[in-house]
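Single-structure report; data block below.
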Amino acid sequence: MISTTRYWFLIALIVLVYLIGMFSPLFEYDSAQFAVMAMRMVQENDFINLFKGTNEYLDKPHMHYWLAALSYKVFGIHDWAYRIPGILATLLGAYSCYGLAKLLYNTDIGKFAALIFMTVQTIMLSTIDVRTDAVLTGFTIFSIWQLVAYIERNTVKNIALGAFGAGIAFSTKGQIALLVIGISILCHLAYARKWKRLLNWRVLVALVVFMMTITPMLYAYYLQFDLHPEKIIRGKGNRSGILFIFWEQSFERLSGEGHGKNSSDYFFFFHTFLWVFLPWTVLALIAYWWRVKTFVKSNFQYRNKFEFLTVGGITIIFFIISFAQFKLPHYMNIMMPLYSVLTASYLHSLFKHTKKNTIKILLGVQYFILSLVFIFSVLICFYVFKFEEWYSYVILIIALISITYFCLKREEYYIRIITLSVCSSLLLNGVLNTHFYPNLLKYQAGTTISEKIKENNIAVDKIYKVTDMPTWALDFYNKKPVIPSNLADISNKKDIWVYVDNSGLESLRKSGFDWDRQFTAVQFRITRLQVKFLNPTTRNKVLRKMHLVHIY
């Protein structure tokens, strides 16, 4: 086991990277969109109705927006305040990984599981590009941990906490939470042969706690949708919010109905996993294969030293979500805790059984991943977005010297694997959060234009748009949504500002509008990076321009 001092030093560095990212501007679309939805709740003092812009929102339930709104109430409407609930939920997820792994194995594996979870690339990304998955993941693994504790200890407290966690997770993103929790717990019950735990009065307590936890969300859905069958949502009337969250939501995702189809690739989540679990991907794949092989050889007979919760949960959930017609990489976040516990247990077993040759090979793999991270980081700092400040060089040199020290330090291979893997994540995400994202966000026009609005004291209640293009970042930083309109309506207005792209600007000119002031910003869909953008010599070819013009 690595020393306690080094362990907490690494944890502190990870949290520092989280905190640095917390103060970056919000990413379009989802993060900025969700932040605006929560902002509307606070500004209009309406915590019942969910709106996406001017449209009623029947997709994800309320909890994420309520937590963000609560943070706004306490700290004010800021981008960093929006991220606080997500980061806290991530820390809860890390502690729950520790608790679950400690319960299933031992304290050392618990510590490794927390460390792995916190440094997984998609989890690192989710603390800066905060979506509903941060809260979902944290409370889902918390629920699994507490329910497993109930199965092992038969205590009311654990099953009540597990039900509460399940309720919060369900109120955040719906049925996927119950699917992951349910499958994981069923796998554990089946392998441990402890079905009798379901035939217990404490299960009724859990049901009561769960229903009490989700009641506010159900009541809000009832008031917004069930009482108003006349509302048309995604082309359908007579929509029940309660029926949607209990039944329709996941089927719409699986079939692509209502959201459209973006991928019929059944291997989408496999090749997505190759990067979302970096720098631990290879270790996780080997751990999964090793565990499946062990269970098959033993004919799935119960052995006290093993658990089926992680590998069983991963296999079944992975299979189900692979058939969804609408897929996005962050849909895998909810599975990261299971992979973290599984990978941690495999690493510990290598050390325990002194498989030095295997450990040596895996250390070589992690050296290779670290070298790729190093090359990528150097390219970011000296080619994609070149350093401009002298202290940037100093910080990078200190980081590289520190990593080199651990690379050359003579200690157990097992300890070096863990340390270097964490260092890979810290180097990559430290560069991303301190240098790459701040420069990348300069190409998000809404953020840039909002700064111009503040500098020039432009009245935000006089800003219009004449298309249905999203303006989430501009809406958030103006603390007021851009007013949707059309050319005919604004023709009767004077002393207003209009936010348009190049084609919109040309439409204004052709329609006879004239303006005396104009601010222009470059625009790129920053969450969909491409090689042409990353290459400075071809970047201008993929950039658009957005304009804010004053109609006098």
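Observations on the model:
- From most to least packed by mean Cβ count within 10 Å, the peptides 454-465, 292-303, 54-65, 29-40 give 29-40, 54-65, 454-465, 292-303.
- Rounded to whole numbers, the Karplus 3J(HN,Hα) couplings from phi for region 178-190 are 5, 4, 5, 5, x, 5, 4, 5, 5, 4, 5, 4, 5 Hz, using 6.51 cos²θ - 1.76 cosθ + 1.60 with θ = phi - 60°, and x at Gly and Pro.
- Summed over qualifying helices (DSSP H, 4 residues or more, each -39500 (n - 2.57)) and divided by its residue number, the chain shows a 222 nm mean residue ellipticity of -19500 deg cm²/dmol.
- Computed FRET value (nearest 0.05) for Asn55 with Val522, which takes r as the C-beta separation and R₀ as 30 Å: 0.60
- Our estimate of slack between Leu16 and Ile361, defined as 0.36 nm per intervening residue step minus the Cα-Cα distance, is 121.1 nm.
- Region 55-195: C-alpha gyration tensor shape, a/c 1.5 cut-off, then a/b vs b/c: prolate
- Estimated FRET transfer efficiency (Asn45, Val203; beta-carbon r; R0 45 Å; 0.05): 0.70
- Each residue of region 39-53 was assigned a 3J(HN,Hα) from its phi angle through the Karplus expression (A = 6.51, B = -1.76, C = 1.60, θ = phi - 60°), giving 4, 4, 4, 5, 5, 9, 6, 10, 9, 9, 8, 9, 10, 10, x Hz with x at Gly and Pro.
- Between the alpha-carbon centres of region 486-525 and region 385-439 there is a gap of 46 Å.
- DSSP bridge analysis restricted to the chain gives an antiparallel fraction near 75%, rounded to the nearest 5.
- Translational diffusion coefficient (Stokes-Einstein; Kirkwood radius from C-alpha pairs) of the chain at 25 °C, 0.890 mPa s, in µm²/s: 97
- Order by protection proxy (mean Cβ within 10 Å, highest first), peptides 338-344, 358-364, 280-286, 218-224: 338-344, 280-286, 218-224, 358-364
- The share of accessible area on region 145-289 that comes from carbon and sulfur is 71 percent, using a 1.4 angstrom probe.
- Long-range Cα-Cα pairs in region 117-264 (distance over 18 Å), rounded percent: 65
- Partner aspartates and glutamates whose Cα lies under 19 Å from the Cα of Lys541, excluding those fewer than 8 positions away in the same chain, are identified as Asp501.
- The accessible area of Trp80, taken with all protein chains in place and a 1.4 Å probe, comes to roughly 70 Å².
- Measuring against 20 Å, Cα to Cα, the residue pairs Lys465/Lys532; Lys465/Lys545; Lys236/Lys465; Lys452/Lys479; Lys73/Lys231 contain Lys465/Lys532; Lys236/Lys465; Lys73/Lys231 as the ones spanning a longer distance.
- Between region 179-220 and region 113-151, the alpha-carbon center distance in angstrom: 19
- Share of carbon and sulfur in the accessible heavy-atom surface of region 100-143 [1.4 Å probe, %]: 50
- Spin-label pair Asn535/Lys352, simplified geometry with 7 Å Cα→Cβ offset, distance in nm: 5.1
- Euclidean distance between Cα centres, region 302-353 to region 92-106, Å: 14
- Distance between the pseudo-spin-label points of Lys305 and Lys454 (7 Å out from Cα toward the beta carbon): 5.9 nm.
- Around the Cα centre of region 411-524, unit charges on the Cβ atoms of Lys, Arg, Asp and Glu (plus for the first two, minus for the last two) sum to a dipole of about 300 debye.
- Ranked by the mean number of other Cβ atoms within 10 Å per residue, highest first, peptides 415-428, 370-383, 394-407 order as 415-428, 370-383, 394-407.
- Set of lysines near Lys157 by C-alpha distance (under 20 Å), chain-local residues within fewer than 8 positions excluded: Lys102, Lys194, Lys196
- FRET efficiency, 1/(1 + (r/R0)^6) with R0 51 Å, evaluated for Leu487 and Phe368 via beta carbons: 0.35
- Rolling a 1.4 Å probe across the protein heavy atoms gives region 419-552 an accessible surface of 46 Å² per residue.
- In Å, descending, principal axis extents of the Cα set of region 431-552: 48, 29, 23
The values are calculated or read from the model by the stated rules, or taken from the named source; none is laboratory data. Note that the coordinates shown come from a computational prediction; the quantities given were computed from them, not determined experimentally. Don't worry about glycine lacking a Cβ; one is built from the backbone with ideal geometry, like all the others, and counts go over all protein chains shown. Note: areas computed on protein heavy atoms with side chains; ligands, DNA, RNA excluded. Shrake-Rupley method; radii C 1.70, N 1.55, O 1.52, S 1.80 Å.
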